[in-house]
Structures are given as structure tokens and as C-alpha cells.
Amino acid sequence: MILRQLVVRHDHQAIRSIPGHPDEPSSLLDAVGHKSTPNTAGIEESVGEAAEKLNSLHGQVLSMQAAQHDGAIPVDKSPQYLGQDALPPAPYPSLAAMNSALAAQEEATAHGTEMLGVYHPSTIIEDPPMPSTVTLEMLLANQCHLGHATQLWHPGNSSYIFGIRNGIHIISLEITLSYLRRAARVVQEVARRGGIILFVGTKKNTKDVVVTSALRAEAYHIFSRWIPGSLTNGQQILDRANIKVVNGQDEELSQYAEALENENRSVLRPDLVIVLNPVENEVCLHECGIYNIPTIGIVDTNVNPAWVTYPIPGNDDSPRSVALISGVLSKAAQEGQRLRKEAAQQGKLTYPAQRAKDFLQQLSLIAGIKDVQGGRQGGRSRGEKDKDD
Amino acid sequence: MAQKALSSFFGRATWTCRRCRTNQQWIQRPQFSTSLSRREELEIKTAPEIDFEGGQRSDAPARILPASPSYFTGAPVFNDDLLLLQSLMNRFQKVPQVPADKAPRMAWLRLSQYRSASGERVGAAKYASILRLLTRLNRIHPQLRPDEVQDVLEKFLRPGAQEVQKARPGTIDVYGRSKGVGRRKESSAKVYLIEGTGEILVNGKSIVQAFPRVHDRESAMWPLKVSERIDKYNVFALVAGGGVTGQAEAVTLGLARALLVHEPALKPVLRRAGCVTRDPRAVERKKPGRLKARKKPTWVKR
């Protein structure tokens, strides 16, 4: 609503002046903007008088100001309207000055104190434990044992459940730990063999976890939504994205960039998919199953454990629980990448390079066929003889 | 020539199994001979060079990988941009800001321009999240803004001269007139303001003839009334469309805009008086399943 100044306006429509009428305004708020009724007359009179007094005062002030400024009525000269583009002054002369001032302030407040055992929520994301150093206490502290209400359980999880408390199923952390270590071993080995690992975590509160874990593991991430058909209809969905050819030392080979141009681009599939909330990613797991891609997933008590290849029984709703499990797997992947690079330094590839060569040959063949279709007298494929010889 | 005769003789007279037919070398050889009767070019597939280094050459392809960690999202460029802006926000959220109206005026890429730049069909809501981050990063005080933030913001600037993106201020012509355009509901008003004695003409008629209602007359003159400049300016307004009150309100807005050309410093006064905002209220459309915009047919239990 556009607010107008509450100056008394004349000539209102007299619609509610009948005394005793149910629509007759009984309070001043109802009467604003309407003709006064016997009920509101007294109040309105006093308000009107006050408004008139204000107006006359305002007029007096203005006329005094006008006298001071030779007839021109001055405008509000408060600092913010000094100039259209005037910036408020910066509290520090530069960013470096600000940083040093804040650092000095922090040092001054910390002077004489020693903070021990402070909990920082970001530690679980920035510096997760290794698979060998995860303990049952850590899993418990990060709420990995909390399952869902007993009415919502999936009976396939019965061997993972420790018991019931407060109406929810409690997951056995010993089982969680052993399955977690098994999954970590799988992740490490896939990374060591140069496989494409994909972290999928579509809950809003796990975005940072997924991105950080994927970057640490030199892997790939999805934090918003798995597009159905990314594998089954990859040519339509993923073909716009760039791919690259790398050598044993993970350096990009630019001479193949031309071969990977738009039309010749082929779609890649992950070699291992880690799903942090399988309940919401059923389609993703189904597609992975179609293409024989092994999956790892955090299996809560309401999830069917058969959906994933390597289930990790645990809490998929708490961000801390997800951060811990995803962090451990990413640490394992990091170790695998390190082993792969170590071997590459010594000139040994931990995976067959023939796959890449076949892929590139296929691309060049496709390019050859395309040339022929384009009308050129293209080369014959190997082994073909001209029948008119 | 001899080859052709031979192949036609043997190709048609004898039956060859599929394997022999597809393997071209066999057809040329006579079926009853185990040795080559004449010279011919055999296809020799030479072995590759010996790898003495014992490892991979640095230019040998080893793996095909996606270029971006967001490859499987289907929109990797958009995702990477979003992550970059969010990371900058996280790092520099404590740096002092300026109020939104004082931040440098930047024209960001339009959705169509971003789509063609990234090559992805990004949704409008998704691009809006990027725009929100850009406006927030743009509010970091320019003096304290890190270079990397400035570089990233410049990547999203609409191409074209910076001067083009500034709002053009209105002008006063040779006769001392300023023009303001105002709209309300279906009415549109062109208001010309010139310093004068306080005459008002609306569509060539006096204001009393144009707006019989006092309320409408007061609305039309409101910008001059609150700034106490009724006797300082002459107003010439051309209004069309809509009804009487709509035209009066359109004149209000047009007059305010014309007045701001003469005296830009009056903006806070007029804003507090409610003359600067264009009233967006318009007749609501009729919807299917209803009789009017809101009126629904009588509810029947069965």
C-alpha cells in the first residue's frame, strides 16, 4: 500500500454516518479517511487539532529556513543524500589493513588464554579421519547409530540393527564400522586403478560435504539432482560437457582436443557411485544397476539394502553422520590416488591404457565415416577390396 | 584382369562359407592350392616401436576423463560458476558492505546471454541464484574488494560500454520543460513541467474540468503540494486510457518524475509522500473454474 501523509482531507463520502449502524466505525483506526461519526468526533477533533498545530509549526520552521536561505525551501541535508553516488567511507583503508587489524584484535583477545578441545563443526568436513583411524566413539558422537522409527523400517536391515530405543531403531556401530572399512577398501582400490568415482548427495545440508569429498578424492560430484537418463540417455544429457585425454601423470594431452570436438564426443560413465542418500536417489541406483556400475550407499533403517552393492548401515539424515562417512571414503580415495601416482612416477600404469586408445580409435573411425557421409571420397576401412578391380 | 576372371570363376562356381567370404584374402587364393600361386600384397600389421623406457611416453593417452568435477550434473559450467561464487561468498562475507543503493551499478548478463555463453539450458530460477550471489558480492565495499572477486564479477558483466549501463537522467529542453511519464492501471500520462506560476492543464482542459472529484485533483497535484511548489511550476499533462482516478494517479507519477528532473534532491520527500513508486495494482485476470478473478461458483456438497 502506498502510504499518504496523514493530513486531513476534505469531502469524504458520508457512508457510515448513521448512528447505531453496524458498520459505524467505533475506533479512530476505522474512521481514518472517513467522515467523523459521533463516536469518533471527539478523538478526531483532538487529532485534527494536533495535526494543525504540527502543520503550523512545520510551516513556521520552513518559513524561518526560507528566510535564512533567501526564499528557497531547503531539502533534507542528511549525509546519505549528499550525493547520488557518494559511498560511505570504508572503515579500513585497504583489505590488508583490515585483515591485520582483525588479526591483531584476535591475538589481543586470546592473549593469556589457551583454548583447548574447542569443537569446530567444520573439522569433520575439512579434516575427516582415515578408515584406519575411525573409531566406534567417533561414529557414536556423530550420530551414525540413529535409525528411523520402528514402523518405517525395512526388514532387510534386520541384521544391521542393534536394538530399539525411544521408538527408533539403533544401528549396530560395530557392523557400521566393518562395512565402512570394506567400502573404503573398495573406493581406495578403484581410485588406485584410475576409475571414475562419483559422489551423489542431494540433500541441501550435505552440499559442502559432497563437494569437499569429491575434490579431495579427485572425483566427481552431484549435489543438487541426478538427472534421470544421465546413463541411459547420456547422449542427450551429458554430451555437451567437455572431456579430456590425460597421460599417466594426469597431464592433459592437448593434441586430442580437436578429436574430442562436439560431434565426436562420447559419453563417459562412472566406475563407482557413492550415494549418500539412497532414499531420494532410487533412479540413479537403478540406472547404475542397468550398466553394471557398483554402488556404495549409506543405508538407513528405512532403506532397502539391496539397492546398493556395498551398503554402509548408518544414519543418512544427520549432516555430521554423512560428513563422517563421506569423509572417510574420500580419504580412502585420496590414498588410492596417491598410490596410483606413485606407480605412474615409476612408469607403471595401474590400469590398461588400451581402453583409451580404443576409445580414440573409435572416435577417428566415427570421424572417417562422417567424412564419407559428407560426400567426400573418403578412405576405405581396412580389409575392404574394391569389387570392380 | 586375371584376378577378376579367377574370382568370378571360383566365386560363383563354388560355395564359400561366411568366414571365408568375409576374409578377403581367402577368396583370391585357389581353393585347391595351399601355396600362393602369384605375388600379391598381403596386409602386414607391423608391431609398434619397442618401448625401451619401460614405461609410458609422456604423450601417450592413458585415460579419458571428464574435464569438470560437475560433469555428471548435465550443466557443469553453471555448477562450477555457482560453486565459485559460493566459495567467494564464504571467504569474504565478513568484509564490510555498502548499502544496496550505493553499490556500483552493474548490468549482469541476461539469462539468454548466460545460456549462450555457457552453452547450457540453465533454468531461470537457477540463474537467479547466481544473480543473487553477484549482487551480494557487488555490495562489498569497492575500496576493500579483493581483486579475485572483482575479476569474477567482471566475467558476468553484460558486454558493452559502462556508460550505456548507467540510468540516463532526464533532460530539460531549450524551453525549460522537463517530461515525466506516469502510468496507473490502463492510464498513461505525459507530464511536462516548466517553471511558472502554478497553472495546470490536463488534456487542454483546466484541472477542475479534467478531474471533477477533489480527491483526484489532490492526487494529481500531490507531488507539488508536499514539496510546497504549487506556485512555482506550470504543468501540462496529456493523459489517455483508463478511468478518471487512474488518469489522476498517472499524472501523480508523471509529475513526480518531471519534478525530479528539475530538482533531484526532492526524491526522499516525494518517496515519503508515496509519489515515486509506480502502483503495480491492475485488474486481476479471470481464472478457469471461477466466475471472476476470485468469485467461485456456489459450492455444492455433491
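Which shape class applies to the range A:237-352: rounded if a/c is under 1.5, otherwise prolate when a/b exceeds b/c and oblate if not, where a ≥ b ≥ c are the square roots of the Cα gyration tensor eigenvalues?
Note, shape of the range A:237-352 comes out oblate.
Restricting attention to the range B:225-302, which chymotrypsin sites (Phe, Trp or Tyr not before Pro) occupy a DSSP loop and are surrounded by at most 14 other Cβ atoms within 10 Å?
Loop-located and lightly packed - B:Trp299.
Averaged across A:236-242, how many Cβ atoms of other chains sit within 10 Å of each residue's Cβ atom?
The shielding value for this peptide is 6.
When Lys and Arg each count +1 and Asp and Glu each count -1, what net charge do the other residues less than 15 Å away from B:Leu201, Cβ to Cβ, add up to? Don't jump to the answer; show the numbers that get you there.
Working: positive: B:Arg177, B:Lys179, B:Lys190, B:Lys205, B:Arg217; negative: B:Glu199.
Taking every Cβ under 15 Å from that of B:Leu201, the sum is +4.
I'd like to compare B:281-292, B:103-114, B:257-268: which one has the highest average count of other Cβ atoms within 10 Å, and what's the full order after that?
Output ranking for B:281-292, B:103-114, B:257-268: B:257-268, B:103-114, B:281-292.
What area, in nm² and to one decimal, does the C-alpha convex hull of the range A:123-366 cast on average over all directions?
Its Cα hull, projected and averaged over all orientations, spans 13.6 nm².
Under the definition of Cα pairs under 8 Å and six or more residues apart, what whole-number percent is the relative contact order of the range A:123-366? Present the calculation step by step, with values, prior to reporting the outcome.
Numbers: 434 pairs, mean separation 74.5, N = 244.
Answer for the range A:123-366 is 31 percent.
Can you classify the range A:114-197 as rounded, prolate or oblate using the Cα gyration tensor, where a ≥ b ≥ c are the square roots of its eigenvalues, rounded means a/c under 1.5, and otherwise it's prolate if a/b beats b/c and oblate if not? Kindly include the intermediate steps, with their values, before the conclusion.
Values: a/c = 2.46, a/b = 1.18, b/c = 2.09.
Oblate, because a/c is 1.5 or more while a/b does not exceed b/c.
Ordered by residue, what ³J(HN,Hα) values in Hz, to whole numbers, does the range B:169-185 give under the Karplus form 6.51 cos²θ - 1.76 cosθ + 1.60, where θ = phi - 60° and Gly and Pro are x?
So the Karplus estimates, Gly and Pro as x, are x, x, 10, 10, 7, 4, 8, x, 9, 10, 10, x, 10, x, 9, 8, 6 Hz.
Among the listed pairs B:Lys155/B:Lys267; A:Lys207/A:Lys357; B:Lys190/B:Lys295; B:Lys185/B:Lys287; B:Lys190/B:Lys267, which are separated by more than 27 Å between their Cα atoms?
Beyond 27 Å between Cα atoms: B:Lys155/B:Lys267; A:Lys207/A:Lys357; B:Lys190/B:Lys295.
Could you state the number of Å between the C-alpha centres of the range A:186-242 and the range B:67-112?
21 Å
State the extension gain, in nm to one decimal, for the chain segment bounded by B:Ala293 and B:Gln93, taking 0.36 nm per residue of separation less the distance between their alpha-carbons.
67.5 nm
So how much slack lies between A:Ile43 and A:Phe162, counting 0.36 nm per residue of separation and subtracting their Cα-Cα distance, in nm?
Separation in residues times 0.36 nm, less the Cα-Cα distance, equals 35.6 nm.
What is the sum of charges around A:Val279, taking Lys and Arg as +1, Asp and Glu as -1, for the other residues whose C-beta is under 12 Å from the C-beta of A:Val279?
Value of the local net charge: -4.
Values in this text are rule-based calculations from the coordinates and carry no lab data. These numbers were taken from a predicted model, which means no experiment stands behind them. Note that we place each Cβ from the backbone using ideal geometry, even for glycine, and neighbour counts take in every protein chain shown.
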